Amino acid sequence: MSDAGSEAPVDCTSTEAWSRLTSLADGFAPDLRAWFAADPDRVRRLSLTAADLHVDLSKSLLDDEVLAALLALADEVGVARRRDEMFAGRHINVSEDRAVLHTALRLPEDARLDVDGQDVVAEVHDVLRRVYAFADDVRDGTWTGVTGERIRTVVNIGIGGSDLGPVMAYEALAAYRQDDLECRFISNIDPTDAATTLAGLDPATTLFIVSSKTFGTLETLTNARLCRAWLLDGLSDHDAGDAVRRHFVAVSTALDKVEAFGIDPGNAFGFWDWVGGRYSMDSAIGTSLAVAIGPARFAEMLSGFHAMDEHFRTTDPPANVPMLMGLLNVWYANFLGAQTHAVLPYSQLLHRFPAYLQQLTMESNGKGVRWDGSPVTTTTGEVFWGEPGTNGQHAFYQLIHQGTRLIPADFLAFATPAYPLQDSHDGQSVDVHELFLANFFAQTRALAFGKTADEVREEGTAEAIVPARVFTGNRPTTSIMAPSLTPAVLGQLVALYEHITFTQGAVWGIDSFDQWGVELGKQLAQQVGPAIAGDADALADQDPSTQSLIAYYREHRH
Ligand code: F6P
């Protein structure tokens, strides 16, 4: 194994800081009302800046002793050392013997970073230049389909990290898209996805981007073949090779497989095995986004990523936002019993952000062994979930406010809306974004400070229903605000969560960059295929429950 990262992980539970946190958690009785009253400086002390993000941790269940112990924990387990190893390109992805260098994807062109004998920055910018030239050609109509018509729809075919990031960013940056160009995304092997996504499209003006790091993913290759058949069917007057050349490009680390699929290697954009799938939206995997928003905006997004990288790399732990947020998550998950973590964007544009974060966080830290192969020593990997406010308010916030579980939540909002609208009502004009933000502020306030029984009574509530109307408060939130949702700010947000995820993995001793847990199901799906198709031997190899489910399928399929 070459240039491996840290040797054995420090067992976080055997550190002095862990013992200290355990005793602090014992009988911990947070009282945000009292803490705010006793410390007028709390908001200032716990409000931090990271690039363009304003992050308010004051409504966290954090006092000075807990904060000091969390920082001591980071120190004892060596979070900063592992971070530096990552940035330097050491092989901290031990089970795949790989460097972890998504941060190199956003280094400026004049930087240099030698990894395994290669300057990766030069390679990154070579590919970026090609992606940008392609994006410009599609956007200005220089790139035409086989009939000579310009492209109106770009369809990204990919799954997991080859889909979630591009979709999320395409939605988030809707205000920056070129009007006469649309992107669509096919990910699921459910044939409904390809069928409904292609419905109404004209093959002559449609271009496909097959995005797959490995170019071996069943879903993506199947969908790519479906799309190729659809294209050739619609363009049957033209030579098939020409049609594929003009309507298919690929993004992959496996350029030989791209060629074997029939895509011209000249129309393929590469990346590298040191970019994990869920960390790849800022590589060529973001080509559909580059087409949608244009190279200049894409470059702004990369500079936002880089700004957050620099914050994480260079800021001392007490002011290092991703590190503090990661440590706070450890506090909630390992000491206060939180099992889930909500991410609640007060921005409809970020409606796919929680889904994107689910892969980032859970594929990274849903692990039961540490990077040396030994079992983890504590619980790992919270369930991340969320929906945009205010939709979530009318769905699941009840449980966050008054349920019996602790659910830490990150609230995200932007001062300036992408689409400012006024509502005129009863002779008054109201800025709808302000109504929206009023909900953001109100929710975090209600969660933190609640409502006592006396306050409920003061409202004239009948005694019998007072308990039902009490809010205990002390439900932790982190508020993240930025001036507006620009490409740069989106890059900062994604990098923030990448580094939060990293910090948690580093504390737990986890390799946050492999994903072996998705392999078994893939393998079994290959084996079960013949059984579904009626192969008696393959059916006999299945367990009784699977046999019974297959029998149900065969009986009911029309
Ligand atoms: O689900 C497992 C996974 O390997 C993800 O990590 C990855 O993002 C996704 O599959 C897609 O893989 P690929 O880009 O190689 O098609």
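The values are calculated or read from the model by the stated rules, or taken from the named source; none is laboratory data. The structure presented is a predicted model; accordingly, all values stated were derived computationally and were not measured. Here the Cβ positions follow ideal geometry from the backbone for every residue, glycine too, while neighbour counts run over all protein chains shown. All accessible areas refer to the heavy atoms of the entire protein, side chains included, with ligands and DNA or RNA removed. Shrake-Rupley method; radii C 1.70, N 1.55, O 1.52, S 1.80 Å.
Kindly flag which residue pairs out of LYS213/LYS367; LYS59/LYS213; LYS59/LYS522 have an alpha-carbon separation exceeding 31 Å in this structure.
LYS59/LYS213; LYS59/LYS522
Fully extended, how many nm does the chain gain between GLU123 and ALA415 (0.36 nm per residue separation, minus their Cα-Cα distance)?
Stretched out fully, the GLU123 to ALA415 stretch lengthens by 101.4 nm.
Would you mind estimating how fast the stretch 291-407 diffuses translationally, via Stokes-Einstein at 20 °C and 1.002 mPa s with the Kirkwood radius over Cα pairs, in µm²/s?
So the translational diffusion coefficient is about 128 µm²/s.
Roughly speaking, what is the stretch gain from ASP233 to GLN178, that is 0.36 nm per residue apart minus the C-alpha to C-alpha distance, in nm to one decimal?
The span from ASP233 to GLN178 would gain 16.9 nm if fully extended.
Write down the accessible area per residue of the stretch 162-310 in Å², having rolled a 1.4 Å probe over the full set of protein chains.
It amounts to 34 Å² per residue over the stretch 162-310.
So how do SER283, SER303 rank on accessible area, 1.4 Å probe, biggest first, that is with the largest at the start?
Ranked from most to least accessible, the order is SER303, SER283.
If you take every residue apart from THR147 with its C-beta less than 11 Å away from the C-beta of THR147, what net charge results, scoring Lys and Arg +1 and Asp and Glu -1?
-2
For the stretch 218-279 and the stretch 354-406, what is the centre-to-centre distance using only Cα atoms, to the nearest Å?
When both Cα centres are located, 34 Å separates them.
Can you list residues from other chains, or at least 5 along the same chain, whose modelled amide H is less than 5 Å from the amide H of VAL251?
When sequence neighbours closer than 5 places are left aside, the close amide H contacts are VAL210, SER211, SER212, PHE269.
Rounded to whole Å and sorted largest first, what semi-axes of the equivalent ellipsoid does the C-alpha gyration tensor of the stretch 103-298 yield via the square root of 5 times each eigenvalue?
They are 26, 18, 16 Å, listed from largest to smallest.
Starting from the alpha-carbon convex hull of the stretch 517-556, give the projected area averaged over all orientations, in nm².
For the stretch 517-556, the mean projected area of the Cα convex hull comes to 2.9 nm².
Just the accessible area per residue of the stretch 1-121, please: how many Å² with a 1.4 Å probe?
45
Report the antiparallel proportion of the DSSP beta bridges in the chain as a percent, rounded to a multiple of 5.
Percent antiparallel among DSSP bridges in the chain is about 35.
Largest first, please: the extent of the C-alpha atoms of the chain along each principal axis, to the nearest Å.
In descending order, the Cα extents are 78, 69, 62 Å.
Assuming R0 = 41 Å, what is the FRET efficiency of GLU555 and THR377, from their Cβ-Cβ distance, to the nearest 0.05?
For GLU555 and THR377, the calculated efficiency is 0.25.
Across the stretch 65-71, in residue order, what do the Karplus-derived ³J(HN,Hα) couplings come to in whole Hz, using 6.51 cos²θ - 1.76 cosθ + 1.60 with θ = phi - 60° and x for Gly and Pro?
5, 5, 4, 4, 5, 5, 5
Suppose R0 equals 22 Å. What FRET efficiency, 1/(1 + (r/R0)^6) with r the Cβ-Cβ distance, do PHE28 and LYS451 give to the nearest 0.05?
In this case the efficiency is close to 0.50.
Out of the DSSP beta bridges found with both residues in the stretch 103-298, what percent are antiparallel (nearest 5)?
Looking only at bridges with both residues in the stretch 103-298, the antiparallel portion is about 15 percent.
Taking loop as defined by DSSP and a crowding limit of 15 other beta carbons within 10 Å, which trypsin sites (Lys or Arg not before Pro) in the stretch 376-465 fit?
Sparse-neighbourhood loop trypsin sites (Lys or Arg not before Pro): ARG405.
Kindly state, as a whole number, the per residue volume in cubic angstrom of the convex hull around the alpha carbon atoms of the stretch 381-432.
Each residue corresponds to 125 Å³ of Cα convex hull volume.
When the Kirkwood hydrodynamic radius is evaluated over all pairs of different C-alpha atoms of the stretch 263-352, what value in angstrom, to one decimal, is obtained?
16.5
Measure off, as a whole percent, the carbon and sulfur share of the 1.4 Å-probe accessible area of the chain, all protein chains present.
That fraction is 52 percent.
Viscosity 1.002 mPa s, temperature 20 °C: what is the translational diffusion coefficient of the stretch 349-443 from Stokes-Einstein with a Kirkwood Rh over Cα pairs, rounded to a whole number of µm²/s?
Answer from the Stokes-Einstein relation: 130 µm²/s.
Got a sec? What order do GLU458, GLU434, GLU76 fall in by accessible area at 1.4 Å, biggest, i.e. largest, first?
GLU458, GLU434, GLU76
Using a probe radius of 1.4 Å on heavy atoms only, what accessible surface per residue do you get for the stretch 458-558? Whole Å² is fine.
Spelled out: the 1.4 Å probe surface of the stretch 458-558, per residue, equals 51 Å².
Using only DSSP helix segments of four residues or longer, with each worth -39500 (n - 2.57), what per-residue ellipticity at 222 nm results for the chain after dividing by its residue count and rounding to 500?
-13500 deg cm²/dmol
Three principal axis extents, largest first, for the C-alpha atoms of the stretch 371-522, in Å?
63, 44, 28
Per q in 0.13, 0.15, 0.24 Å⁻¹, report the Debye log10 I(q)/I(0) for the stretch 89-197, using one uniform scatterer on each alpha carbon and no solvent.
For the requested q values the scattering log ratios are -0.73, -0.91, -1.28.
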